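A.B. asks: Got a structure for you, written out below as structure tokens; questions coming shortly.
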Amino acid sequence: MNWLIAHRVASIAAANLRQRLGLPEDGYVDLFAALRRSGLMVAGDEMPSLFGAYFPAGPGRNAGILLNSTMSEATIRHTGAHELGHAELGHERCLADGPDLFSGLPRNKWPDEEKQAEAFAAWFLMPIRAVKTILTRLGLDIPREAADVYQLSLHLGTSYRGAVRHLEHLRMAAPSVAAGWRRVQPARLRARLCGCPDQPPARVWDLTSLTDGSELHVEQGDRLIVRTPRLGGRPLFTGPAAVTALAKPLAVEPDQGIEFDIAGDIDTPSLLTVTSAERQTLWSGTLMPTPEDRRGLIAAAHKPLMVGPTNGARR
């Protein structure tokens, strides 16, 4: 099976599952909500020698997946979607050794089931309507440079390189352009964005008036650069206690924007609002909470976590 056929099969399966689970086509896909509703047992723990695994249902037991909790959130989301793809496509037991999925194996040598599951993960987390919606929110029809892809990946909750691969398949990036983007290290993009080359934050959001009203799935350690040209010299904001404003912005002039650090967990959907000294609202966004499932997998790597099933369904 070639990758084109794998993507055709996977795109249909991903769309069908999103529809059955009531997940959006035009925005961020909550992977852990999907896992809870799927009937799968999900275990996450510190497993440095294991990327992920899928085990089909057997006598007296549900199908289940294992996730390596030492990975970043974007990688955990991708791995969970990959293993969910194995379940949805009716595959047998699949196990990926090592911390990186088939890192030493050329993509054209992947087993058919792994091609399908990898394509499923891309289509499940990055449906084309969601990609187009977020690009519009970023003021783009297609990405123009690596920094655009990085911002797209933040809004989708995916890895940078996963977004590059999918954009190439969607024909939103020529192969030569995508190859150039793959050579760019996200750390360089973060450093350039935030103006701190030595130790850039874990993730850096570049937000403008076009992103006003967005839901942002932030993490502790993120930096938000909110560009508001009419801000004036005395920026004001309201937001949850986990958000702190930088006293001296590094990426914008003081009257051109404001920068925030996410210093803790967000427990409930929380509005972050930026206003001028004249009390004019210039930008607002909703910071989405860290679900307990996701928080357990990422923040408590030494503590096993079990998710689902909630409905007793078997696969």
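A.B. asks: Given (1) in contact with an Asp or Glu (Cβ under 7 Å, 6 or more places away or on another chain); (2) crowded, with 22+ Cβ neighbours inside 10 Å; (3) not hydrophobic (A, V, I, L, M, F, W, C), identify the lone condition not met by Tyr150.
C.D. replies: Single failed check for Tyr150: (1).
A.B. asks: How do the helices (runs of 4 or more DSSP H) wholly within the range 126-227 filter down when requiring 1 or more residues that are among the basic types (Lys, Arg): which remain?
C.D. replies: Helices (runs of 4 or more DSSP H) meeting the threshold: 128-137, 160-169, 175-182, 186-194.
A.B. asks: In the list Gly98, Gly104, which residue meets the criterion of being modelled with pLDDT under 90, over 20 Å from Phe55 (Cβ atoms), in the same structural domain as Leu35 (by TED's automatic domain parsing) and exposed (fewer than 15 other Cβ atoms within 10 Å of the Cβ)?
C.D. replies: Going through Gly98, Gly104 in turn, just one is modelled with pLDDT under 90, over 20 Å from Phe55 (Cβ atoms), in the same structural domain as Leu35 (by TED's automatic domain parsing) and exposed (fewer than 15 other Cβ atoms within 10 Å of the Cβ): Gly104.
A.B. asks: Among the residues of the range 109-129, which ones are crowded, with 22+ Cβ neighbours inside 10 Å and aliphatic (A, V, I, L, M)?
C.D. replies: Matches in the range 109-129: Ala117, Ala119, Ala121, Ala122, Leu125, Met126.
A.B. asks: Can I ask one more? Looking at the range 54-61, can you tell me whether even one residue there is at pLDDT below 85, among the hydroxyl-bearing types (Ser, Thr, Tyr) and farther than 24 Å from His155 by Cβ?
C.D. replies: Among the residues of the range 54-61, not one is at pLDDT below 85, among the hydroxyl-bearing types (Ser, Thr, Tyr) and farther than 24 Å from His155 by Cβ, which makes the answer no.
A.B. asks: Continuing with this model, one more query. In the range 218-254, which residues are under 21 Å from Gly139 (Cα atoms) and surrounded by fewer than 16 Cβ atoms within 10 Å (Cβ to Cβ)? Even if it seems obvious, please write down each step before you answer.
C.D. replies: Within the range 218-254, the first condition is being under 21 Å from Gly139 (Cα atoms), and the residues that meet it are 218, 223-231, 251-252.
The answer is Pro229, Arg230.
A.B. asks: Restricting attention to the range 14-65, which residues are touching a Lys or Arg at 6+ places or on another chain (Cβ under 9 Å), part of a strand (DSSP E or B) and more than 16 Å from Glu83 (Cα to Cα)?
C.D. replies: Listed by number, the list holds a single entry, Arg61.
A.B. asks: Any residue in the range 61-72 that is surrounded by fewer than 21 Cβ atoms within 10 Å (Cβ to Cβ) and under 18 Å from the mean Cα position of the chain (by Cα)?
C.D. replies: yes
A.B. asks: Filter the range 36-52 down to the residues that are farther than 12 Å from Leu66 by Cβ and of a type outside the set (Ser, Thr, Tyr), then identify the one that is surrounded by the fewest Cβ atoms within 10 Å (Cβ to Cβ).
C.D. replies: Pro48
The values are calculated or read from the model by the stated rules, or taken from the named source; none is laboratory data. All of these numbers come straight from a predicted model, not from anything done at the bench. Note that we place each Cβ from the backbone using ideal geometry, even for glycine, and neighbour counts take in every protein chain shown.
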